[in-house]
Amino acid sequence: MAPRSGNKKRRKSSKSSAANGGYYYNDSSVAPPPAIYLDDDMDNIKFMGFTLPGPVSTLLRSLGGVPGQLASLTPMKIIVYGSLAAVLLAPLVDSTIRQSMSLLRGDGSKGAEENNGIIGDALPHVTNDGKFHGRYPNSLLTLFYPFTLFRDVVLDQPVEPTDVPFFWHAHVSDELAVKAVLTKCYEADLVELNSVEDIEKAKRFNLVSTLVSQDRIGEGSLNKEYYNGQRSKPLVITSPHIREAAELFSQENSGRMFSFYRHPIDYDVHPNLKKKLPPEAGANNFMTRLLSNVHTGPLGFKELGIAKQVIRQTTLAGSRDLMAESLFRFGKYFGWVPAGGKGLNVTAVQDDELAVKCIEEMLEGVPGERYADHNSKEWAVFYKANKLDCQLYEIARSTWRAQIQTIIPLTLQKTRAEKEER
């Protein structure tokens, strides 16, 4: 075979080219490599007088080149092809994301129900066992249920006609005084569920749904003559069993809870609460254990946090030594017209005077809080055993003070809501 012409010259050029760090093809019939692979500066980065190596060329050199048709790619082609691919794939990616979110939330379809057991368009929603997730994501359901069935007394304003007032009375003397005010001053109808058996019976007979059908709850319970959603002769469900009674409520008819919190030294625990708990449950931190549903063993910040959440978020907090003022605040929050009141805008002052006078008369002689000597040995022993409940009491007191600003009359709640809708 005859030697190729110019072979020596090409070898010399190859040596020279190699010395200069370049590349040389011995066969002149083969096209030179693309510009992206050569020692050019087409994709170099220039900044403040400095030239930085181009990222594309640097990457290709580190890989030892690119095979086949990829070698013809330039930075401009990469940008164009990448943009085109993004446009074409965007609908597919969007559809995939939407389907994933739909499965997480539950889209009400049979497939979603079978896959994750969730029914409903989005949070809040209800699981197949009827448990309402309320304001919390799925991961917190077991931690805060059934308190998710109560409204957030501050954020969920105004009070809706479908909401159900619920008086939780953990202490006997609070129960007697408050019920006397409700029936005498506001002519309230009380549904008293003092035992767990009473609550179970109410569940079997769908108590709340029955009350709705009888127009005792909902739009049918309103008197159109009253100003801005006020009502007279309200219906109130009462019980010492907060966790069991909470399950009476639903997404359509949430509970609105009000209660009074005492210092541990003043506890007057309802006897029916003691019956359902183990004997050792009342030895220390009774209220923290009741709200967290941890009746034996040690308590920690988790249990205290659950109890604090119940007070801060789901309770109209009443103070024992300010019971009259607390009950008047509750009545204004729910929009209850006192006995003998007119429920009109022009009679608001007179209605308030009637309510205050009646409440003070009914609470006359009701004892207030007791005080302990915090320097005594007895107090030191008591505080060590009930430290979490003492902290819980302070939280209740601070909540009462905060609600001076946040728990406002129903008429004002509705006025503000109407302005926001405009």
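The values are calculated or read from the model by the stated rules, or taken from the named source; none is laboratory data. Fair warning: this is a prediction, and the values are worked out from it, not measured in the lab. Here the Cβ positions follow ideal geometry from the backbone for every residue, glycine too, while neighbour counts run over all protein chains shown. Please note that ligands, DNA and RNA were not included when accessible areas were found on the heavy atoms of the full protein model with its side chains. Shrake-Rupley method; radii C 1.70, N 1.55, O 1.52, S 1.80 Å.
Taking the full set of protein chains and a 1.4 angstrom probe, give the accessible area of residue 306 in square angstrom, rounded to the nearest 10. Its heavy atoms expose roughly 10 Å² to the probe.
Length, then width, then depth: along the principal axes, the Cα atoms of the stretch 292-339 run 48, 20, 14 Å. Within the stretch 268-422, the ratio Rg/Rh, alpha carbon atoms throughout and Rh by Kirkwood, equals 1.06.
In loop segments of the stretch 198-254 as defined by DSSP, the chymotrypsin sites (Phe, Trp or Tyr not before Pro) with at most 12 further C-beta atoms inside 10 Å of their C-beta are 205. Between the C-alpha center of the stretch 245-314 and that of the stretch 319-378 there is a gap of 24 Å. With contacts taken as Cα pairs under 8 Å and at least 6 residues apart, the stretch 206-314 reaches a relative contact order of 17 percent. Proximity of backbone amide H atoms, modeled 1.01 Å from N, is registered between residue 315 and 153 at under 5 Å, excluding neighbours fewer than 5 places apart on the same chain. When the listed pairs 184/357; 332/357; 308/414; 201/233 are checked against a 22 Å cut-off, the alpha-carbon distance exceeds it for 308/414; 201/233. Toward the positive end of the charge dipole of the stretch 312-422, with +1 on the Cβ of Lys and Arg and -1 on the Cβ of Asp and Glu, the farthest Cα among 343, 314, 326 is that of 314. In a DSSP loop and with at most 11 other Cβ atoms within 10 Å, the trypsin sites (Lys or Arg not before Pro) in the stretch 155-230 are 224.
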